[in-house]
1. State yes or no: is residue 371 at pLDDT 95 or above, outside any loop (DSSP other than H, G, I, E, B) and loosely packed, with under 13 Cβ neighbours inside 10 Å?
2. When only residues in region 394-437 that are assigned to a helix (DSSP H, G or I) and either of a type in the set (S, T, N, Q) or within 16 Å of the ligand (Cβ to nearest atom) (or both) count, which is nearest to residue 359 (Cα to Cα)?
3. Can you confirm whether region 74-84 contains a residue that is among the charged types (D, E, K, R) and farther than 30 Å from residue 272 by Cβ?
4. Which of the residues spanning region 251-282 are modelled with pLDDT of 95 or more, closer than 30 Å to residue 342 by Cα and among the β-branched types (Val, Ile, Thr)?
5. Which of the residues that make up region 177-200 are in a helix (DSSP H, G or I) and of a type in the set (Phe, Trp, Tyr)?
6. Residues of region 1-51 being in a loop (DSSP other than H, G, I, E, B), farther than 19 Å from residue 299 by Cα and β-branched (Val, Ile, Thr), which ones?
7. Hey, does region 70-77 have a residue that's more than 15 Å from the ligand (Cβ to nearest atom), buried (at least 23 other Cβ atoms within 10 Å of the Cβ) and not assigned by TED's automatic domain parsing to the domain that holds residue 383?
8. Name the single residue that is farthest from the chain's Cα centre (by Cα) among those in region 80-105 being more than 13 Å from the ligand (Cβ to nearest atom) and buried (at least 22 other Cβ atoms within 10 Å of the Cβ).
Amino acid sequence: MIENSKLQINEKDHLVIGGCDCVELAREFGTPLYVMDESVIRENMRLYKNAMDKYYQGKGLVLYASKALCTMALCKIAQQEGLGLDVVSGGELYTAMKAGFPMEKVFFHGNNKTQAELETALDAGIGRIVVDNTHELKMLNALCEKKGMKAQISVRVKPGIDAHTHDFVKTGQIDSKFGVALENGEVFEFAQQCKMLSHVELVGLHCHIGSQIFDLDPFIETAKVMLGLIADLKERYGIIITELNLGGGFGIKYTKADDPVEYDRYIEAVSQTVKQVCEEKGIQQPFMLMEPGRSIVAPAGITLYTVGSVKEIKDVRTYVAIDGGMFDNPRYALYQSKYSFVMANKMSAPVSQKVTVAGKCCESGDLIGKDVELPEVEAGDIMAVLATGAYNYSMSMNYNRNTRPPIILVNQGKAKVIVKGETYEDIIRNDVIPEEL
Ligand code: LLP
């Protein structure tokens, strides 16, 4: 069990989340089932917001990176907790709009936004478009001209910081599809172009160095580099940058091997650096933005599955098959991500074996974990995979025409559906058999 989580065990030896017995949840809502603890989500949001108030005197805004888990209910919670929102596609933007999220607090990211997405964002009165490249810059300028407006923009910068994390989730280095590089001067060309265009104004810098990062140092280094850039832009081109967005990427505890720092320490460390460097360089302290995603929702979520076949291959391995798999959690298949597993219906049964947890997709790589330590398990047992609140539902799919599970929000013993489970009708909803077929 993850030590610092809010999970409990009741007198029936069942796992309890948000005051709800997981075995009963599985019975009531079926499995697979995503379960999110509302109080943990809110606590994490508050931790960041309070840190911004305390360490940076509130001269900033914490954006919830909705890619981690984007649903209308999550947007509502972020709004209630006073956070802004990071969206990265027309779909995430639409979700925020439909949830009634204040558009001025929405930041629109993405390395290849379409004209339609940009137009929707402008029409909605989006807070900030974070422009990724010069193609997008020109497209945006032309759109603004057509609409008779001038957009204040940020630019996504690759600061050249190497964050120690999985290659697929590293983004700050020059060889990345995101943003314009500092090392080779691309960012200066971009800034000069902005000056020549009359319907955009460059007011902000953004960067995001990667995800699931445990050290404070890369964030401190990044802040220094970005402030150096702010000073350079002022000196060389008279461009005054008033907004600095340092992205997200703060690591969380998936297993005992992970040792994250308290979330508010990121904001504390970065705030100190920003204040100090601004003083040294004689520049104004920028309005600061941070964009945590995973660290807000991952620890709040678990996924419940029912065990089916247990296949013991003598002298090879034991496969424990669950009724979900890579279609609801593709992270092992993609990144060999490690999780903590417990048996929700027999929490104190002693660990007795190492197994491979397999999904039900027609794909050998459809695993949720290898060398997973479990007690004896049998068909019908309820397995809980912990810390699945981020990048599980948001990366889920319908491979093999599996239906996406529902998400329920639990709090003080009550459970509410925030995303309905898909039905087979949903699966065929967009299928068409042309008449002439
Ligand atoms: N801001 C930007 C611009 C980002 O690209 C990301 C994540 C975040 C904020 C939030 O980062 P977080 O705090 O959640 O680490 N699918 C991968 C993670 C991809 C992260 C993409 N960008 C995974 O499952 O590990």
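1. The answer is yes for residue 371.
2. Step one: filter region 394-437 for residues assigned to a helix (DSSP H, G or I), giving 394-395, 399-401, 424-428.
Okay, now just the ones that are also either of a type in the set (S, T, N, Q) or within 16 Å of the ligand (Cβ to nearest atom) (or both), so 394-395, 400.
Values: 394: 18, 395: 16, 400: 12 Å.
Ranking the candidates gives 400 first.
3. Initial filter on region 74-84 (among the charged types (D, E, K, R)): 76, 81.
Okay, now just the ones that are also farther than 30 Å from residue 272 by Cβ, so 76.
For region 74-84, residues among the charged types (D, E, K, R) and farther than 30 Å from residue 272 by Cβ: present.
4. 252, 255
5. Start the filter on region 177-200 by keeping residues that are in a helix (DSSP H, G or I), which leaves 186-196.
Matches in region 177-200: 188, 190.
6. 31
7. Initially, region 70-77 is screened for residues more than 15 Å from the ligand (Cβ to nearest atom), giving 71-73, 75-77.
Within this subset, residues satisfying the condition of being buried (at least 23 other Cβ atoms within 10 Å of the Cβ) are 75.
Now drop any that are not not assigned by TED's automatic domain parsing to the domain that holds residue 383, which leaves 75.
So far as region 70-77 goes, yes, one or more of its residues are more than 15 Å from the ligand (Cβ to nearest atom), buried (at least 23 other Cβ atoms within 10 Å of the Cβ) and not assigned by TED's automatic domain parsing to the domain that holds residue 383.
8. The first filter runs over region 80-105 and keeps only residues more than 13 Å from the ligand (Cβ to nearest atom), leaving 80-82, 90-91, 93-105.
Add one more test, that the residue is buried (at least 22 other Cβ atoms within 10 Å of the Cβ), and what stays is 93, 96, 101.
Working: 93: 15, 96: 15, 101: 18 Å.
Going through the qualifying residues, I end up with 101.
The values are calculated or read from the model by the stated rules, or taken from the named source; none is laboratory data. These figures come from a predicted structure and were not determined experimentally. With ideal geometry, Cβ positions are generated from the backbone for all residues, glycine too; neighbour counts draw on all protein chains shown.
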